[in-house]
Amino acid sequence: MKTTIEISDALLIQARELAAQRGATLRSLIEQGLRQVVADKPQTTDFCLRRATFKGDGVQTEMRGASWDRIREMAYEGHGG
C-alpha cells in the first residue's frame, strides 16, 4: 500500500544515512520501526471499577421507597436547586 507521510528534514537525512549504512531501503527501515512500535504497544487491561461502599445501615428510613424526584429534591435542598 502506498501512503504519504511528512518527516522532518533532519530525521529523513539520518534515516537515509542509516539505511545506506545497513544496505537497506528507507522503506524497510520505516517498516521495521513501525513494527517495533506496534509490538511494544502496552497491553491494555479491562477497566475495573474499585469497590466504593460506605459503612452504615443503608437508605435512611424516611427515604425508603422514595421516588428519584424526591431523592433529588432532598439532595439539592438548601442549595438553590
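If each residue of separation counts as 0.36 nm, what is the full-extension length gain between Arg64 and Ala20 once their alpha-carbon separation is subtracted?
Working it through step by step, the gained length comes to 8.2 nm.
Give the calculated FRET efficiency between Thr53 and Gln32 to the nearest 0.05, with a Förster radius of 35 Å applied to their Cβ-Cβ distance.
Efficiency, from the Cβ-Cβ distance: 0.10.
Please list, by residue number, every one of the chymotrypsin sites (Phe, Trp or Tyr not before Pro) in region 11-81 that is coil in DSSP and has at most 16 other beta-carbon atoms within 10 Å.
Phe47, Phe54
What does the chain give for Rg and for Dmax, in Å, if only its C-alpha atoms count?
For the chain, the Cα-based Rg and Dmax read 30.2, 80 Å.
For every helix of n ≥ 4 consecutive DSSP H residues, a contribution of -39,500 (n - 2.57) applies; sum these over the chain, divide by its total residues, and give [θ] at 222 nm rounded to the nearest 500 deg cm²/dmol.
Counting only the DSSP helices, I get -14500 deg cm²/dmol.
Report, in degrees rounded to the nearest 10, the 0 to 90 angle that the Cα long axis of helix 9-22 makes with the longest principal axis of the chain.
Roughly 60 degrees, rounded to the nearest 10.
The numbers here are math on the coordinates, done by the rules we state, and not lab data. Quick caveat, the model's predicted, so the values are computed rather than measured. No Cβ is skipped: glycine too gets one built from the backbone with ideal geometry, and neighbour counts run over all protein chains shown.
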